[in-house]
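Asks: I'd like to ask you about the structure that follows.
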Amino acid sequence: MTVLHTEARAKINLCLFVGPRRGDGRHEVVTLMDSLTLCDDVRMEPDAPGVVDDEVLCPGVEGPNLAAEALRAFRAATGWDGAPVRVEIDKRIPVAGGMAGGSADAAAVLRLASEVSGRGDRRQLEDIGATLGADVPSQVRGGLVLATGEGSRLRPLNLSLPYSVVVQPVDAALSTADVYAEADRLGLPRETLDLARSLTRMQAALSAETILEHLHNDLQDAARSLCPKIDEAIEAVLAAGADHALVSGSGPTVLGVFAGSGHASRAKRVCDSISAEGRTPAPVLARPAGPQSV
């Protein structure tokens with residue numbers, strides 16, 4: 001069978017509001033997410049020569065691999081007992097960078113396994129994804145999504161926002177769990193009523209198509225507390241001319257957001273300018289990528 005291929009697209013949170021901790025240890029959130037053209041490349045080879053058990057190869061990523069967990073979970077949930085497959089992932093999304101790279105890889109594997117096996121619709125893939133992590137369900141389809149609950153109650157939005165992004169990686173890694181723990185220590189999570197009001201304000205901004213004027217991340221101060229390098233990256237992106245700069249998700253990656261007239265050309269100039277300064281890791285120019293077929 002031909003090797004199958006899909007993109008695992010980076011996720012950003014244009015707005016992220018964090019509420020109280022739930023009984024399961026996760027926090028309630030209200031977040032507006034979007035997918036970027038920055039992506040990992042994921043390939044699945046059914047009946048791969050020499051493969052006795054399912055194999056997931058992801059150079060540069062150590063420890064447990066969420067994509068491998070996704071494949072095991074898919075087989076268990078659907079009863080698929082097809083021949084072992086080989087999965088190869090080329091990483092481009094910053095690892096432990098707050099852009100859901102691992103979750104995007106896991107969602108990509110779910111899509112490919114569904115294609116190979118002929119089993120599982122989008123809803124089932126999202127349900128499987130919810131057992132793997134809060135960000136996985138939203139990455140099955142991707143695109144512009146409003147998420148609530150712990151992040152798995154999804155409302156896809158048929159709206160195209162006019163913006164471009166300069167993704168500025170930071171030479172550090174942050175655990176999502178550590179950042180949430182730091183947010184708790186700092187007293188950052190909102191009370192339930194305040195979280196509900198944040199949802200109302202965000203929906204109003206979406207209706208008026210002014211959401212790009214209200215970018216926000218409740219986890220930003222917690223990430224900055226754990227990783228001071230973030231402040232330097234924010235200052236560099238703003239000094240170069242970004243309209244907005246914020247931490248991506250739980251960080252430490254920083255996003256320079258350009259909205260409105262000429263956003264693509266302005267973002268490219270800034271990306272080129274930062275690159276010319278020799279900053280490392282180098283910035284990456286990206287734009288919204290839209291949803292994927294499932």
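Asks: Note the full-extension length gain between residue 197 and residue 153 as 0.36 nm times their separation in residues minus their Cα-Cα distance, in nm to one decimal.
Replies: Length gained, residue 197 through residue 153: 14.1 nm.
Asks: Ok, one more. Could you list the residues of region 92-135 with an amide nitrogen less than 19 Å from a label point located 7 Å from the Cα of residue 3 in the Cα-to-C-beta direction?
Replies: Output list for this probe position: 92-93, 105-106, 108-117.
Asks: Something else now. To make sure I understand the rule: partners must be aspartates and glutamates, Cα under 20 Å from the Cα of residue 229, and not fewer than 8 residues away in the same chain. Which ones qualify?
Replies: List returned: 171, 178, 182, 218, 221, 277.
Asks: How much accessible area per residue does the chain have, in Å², with a 1.4 Å probe?
Replies: Heavy-atom SASA per residue in the chain reads 44 Å².
Asks: Ignoring ligands, DNA and RNA, what percent of the 1.4 Å accessible area of the chain is carbon and sulfur?
Replies: Details: 6190 of 12930 Å².
Percent of accessible area from carbon and sulfur atoms in the chain: 48.
Asks: Another question, if that's okay. At most 10 other Cβ atoms within 10 Å and a DSSP loop assignment: could you name the GluC sites (Glu not before Pro) in region 1-99 that fit? Show your work: numbers first, answer last.
Replies: On the way: sites: 7, 28, 55, 62, 69, 88; in loops: 62.
Those that pass, being in a loop and sparsely packed, are 62.
Asks: I need to check one value: relative contact order of the chain, counting alpha carbon pairs closer than 8 Å and at least 6 residues apart, in percent.
Replies: Rounded, it is 24 percent for the chain.
Asks: Quote the relative contact order of region 34-170 in percent (integer), defining contacts as alpha-carbon pairs under 8 Å separated by 6+ residues.
Replies: Numbers: 208 pairs, mean separation 34.4, N = 137.
Relative contact order, region 34-170: 25 percent.
Asks: Then there's this: For region 20-176, with equal point scatterers placed on the C-alpha atoms only and solvent neglected, what are the log10 I(q)/I(0) values from the Debye formula at q = 0.10, 0.18, 0.20 1/Å, to two decimals?
Replies: -0.38, -1.17, -1.38
Asks: Give me the accessible area of residue 155, 1.4 Å probe, in Å² rounded to the nearest 10.
Replies: Its accessible surface works out to 120 Å², give or take rounding.
Asks: Hey, rough spin-label estimate for residue 239 and residue 175, points 7 angstrom out along Cα→Cβ, what's it come to in nanometres?
Replies: Label at residue 239, label at residue 175, 3.3 nm between them.
Asks: Gain in length, residue 184 to residue 277, computed as 0.36 nm per residue apart minus the alpha-carbon separation, to one decimal in nm?
Replies: Result: 29.8 nm gained on full extension.
The values are calculated or read from the model by the stated rules, or taken from the named source; none is laboratory data. This is a predicted model, so every value here is computed, not measured. We place every Cβ from the backbone using ideal geometry, glycine too, and count neighbours over all the protein chains shown. Keep in mind that these areas ignore ligands, DNA and RNA; they rest on the heavy atoms of the full protein, side chains included. Shrake-Rupley method; radii C 1.70, N 1.55, O 1.52, S 1.80 Å.
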